[in-house]
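Reading through the structure tokens given below for one structure.
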Amino acid sequence: MKNRVALPEKGCRKSQLLEELAQRKGVDADWRHGRSWSLVYYGGDEHDAFLKQAYSTYFSENGVSPTAFPSVARLEAEVVSMVLSLLGGRGEEVGTMSSGGTESILLAMKAYRDWAVDSGMASGELEILVPESAHPAFLKAAHYLGLRPRPVALRDDFRASPEDAERKLTARTICIVASAPSYPQGVVDPIADLGAIAQRAGVGLHVDACLGGFVLPFMGRLGYQVPPFDFSVPGVTSISADLHKNGYAAKGASAVLYRNANLRSYQFFVTGDWPGGLYGSTTMIGTRPGGAVAAAWAALMRLGIEGYTEQARRGLEVARRLMDGIRAIPGLFVIGEPDMTVFAFGAHELDIFSIAERLQGMGWRMDRQHRPNALHMIATSNHEQSVDAFLDDLQRAVVEEQAHPRAVDGENPQMLYGVTSEIPADMDPVDYMRQQMGKVYDLS
Ligand SMILES: *Cc1c(COP(=O)(O)O)cnc(C)c1O
């Protein structure tokens, strides 16, 4: 298909364009049939059709102005309230929606920064304590906001070490970060211990429940022991939870929640200093799609406690079948003891990335990670259809790899966030990545 590099003189036929768009998708990951393990949380065609209806009801509305669109603001307030009711809210807690986990995290870190400056509790180059398993959005936030991230070591079980967090506290620390669960190994950090440390030090504790926010709260009903991770834990002062992941909402929807309205007020931006008059914006972006708010509201109301509990039950069952199957293949191991539907697995003597290449050749899209080298999976109900086929192919890939092993080249985890690529041996991976990111926009 040829690139369209300039506007056509005359507009094209609608049917032709829709056909072309449908065709263009042919090169993409096959999420519908459960052959990729991240990026899309698919609740089925009927649920998708319903979300699209809800979204299109608010297709044109702009959430940046609660005075022009009070109904969008009210839907957002109701979404926040419903999510708070799931995550240990007792009445004082508040929040906002945002466009995604990254924005929720950026906003929370901004709130801590401006709160710390305003209250004079910390000065100099402000620091956040970021476990090595935390999502890169925290490093991105530090980068954007002029904060210094200080890494917190993991224990042997891949959970953040409270002892190391305590050691890394300084007079410039503004908050500690924890995950529920972490993306790489799917384990929940010791949040009660970290909360106690944060309280003693008078700093914030942000719990990143982007993945777990809509799974962990339902696990108790299913008979699982869930470690406490939400506002019920003393010391937890903010939480991020992604509606557009396990919340089964449309993309562009997350919740960022705070212990009280004072902390949240530091998230907001207001200026009176432009010709347009007083301008206030609650989040990072200006114009906000009303559709994403409406679809999130519709998802919460449609699924309810029962629906989410059922999604969690099915996702957890898929995860259990995958992990049991992987553990049964000689030479493979699951990393740590994952707490819910997210996990990674590696190989004892074989090159796990070479196994990934073989799986990719069989039509699976595999996410790579390192420290240690592993393949990453997020199980959802939509993978019920593909578990057995995946385990068969994985077994086959391992047997083939044993017969024709590729030399394990140790520390060269050739990976992007989810994608492999061959990094030239003489190039720094970070420089290489930056160059590749530019090439994405190259049409020549
Ligand atoms: C996905 C994710 C994020 C970032 O969310 P986006 O919606 O991709 O911006 C943050 N933390 C965790 C644990 C995640 O899984």
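Just so you know, all these numbers are worked out from the coordinates, no wet-lab data involved. Fair warning: this is a prediction, and the values are worked out from it, not measured in the lab. Using ideal geometry, Cβ is built from the backbone for each residue, glycine included, and neighbour counts are taken over all protein chains shown.
Calculated on C-alpha atoms, the gyration radius of segment 1-104 divided by its Kirkwood radius gives an Rg/Rh of 1.07. Taking label points 7 Å from Cα along the Cα-to-Cβ direction, Ser56 and Asn262 give a separation of 4.8 nm. When the Cα atoms of segment 186-254 are aligned to their principal axes, the ranges along those axes come out at 39, 31, 19 Å in descending order.
When Rg and the Kirkwood radius Rh are both evaluated on Cα atoms of the chain, their ratio Rg/Rh stands at 0.97.
Please tell me the relative contact order of the chain in percent, rounded to the nearest whole number, where contacts are Cα pairs under 8 Å and at least six residues apart.
Numbers: 788 pairs, mean separation 82.5, N = 444.
For the chain, the relative contact order is 19 percent.
Can you tell me how segment 250-289 classifies by the Cα gyration tensor, rounded, prolate or oblate, using a/c under 1.5 as the rounded cut? Let's see the in-between values first.
Numbers: a/c = 4.54, a/b = 1.30, b/c = 3.48.
Note, shape of segment 250-289 comes out oblate.
Extension gain, Tyr279-Arg396: 0.36 nm per intervening residue step, less the Cα-Cα distance, totals 36.1 nm. Compared with the direct C-alpha span, the chain from Val270 to Tyr224 gains 12.1 nm at full extension, assuming 0.36 nm per residue. Taking the DSSP beta bridges with both ends in the chain, the antiparallel portion is around 60 percent.
Sorting check: for 34-45, 326-337, which peptide has the highest mean count of neighbouring beta carbons within 10 Å, and how do the rest follow? Can you show the working numbers first?
Numbers: 34-45: 18.1, 326-337: 15.9.
Packing order, densest peptide first, comes out as 34-45, 326-337.
Placing R0 at 51 angstrom, the Cβ-Cβ distance between Arg302 and Glu349 gives a FRET efficiency of 0.60 after rounding to 0.05. Work from the charge dipole of segment 116-207 (Cβ charges, +1 for Lys and Arg, -1 for Asp and Glu, about the Cα centre) and give the residue of Phe158, Ser133, Val188 farthest towards its positive end. Among Phe158, Ser133, Val188, the one farthest towards the positive end of the dipole of segment 116-207 is Ser133. In straight-distance terms, cross-link reach from Lys2 covers every one of the lysines whose alpha-carbon lies under 19 Å from its own, apart from those fewer than eight places away in the same chain; here that gives Lys10, Lys14, Lys25, Lys439. When the Cα positions of Ala6, Leu211, Leu87 are compared along the charge dipole of the chain, Ala6 comes out farthest toward the positive end, with charges on each C-beta of Lys, Arg, Asp and Glu.
If the chain between Ala171 and Met437 were fully stretched, how many nm would it gain, using 0.36 nm times the residue separation less the Cα-Cα distance?
On the way: separation 266, 0.36 × 266 = 95.76 nm, distance 3.73 nm.
Extra length from Ala171 to Met437 when fully extended: 92.0 nm.
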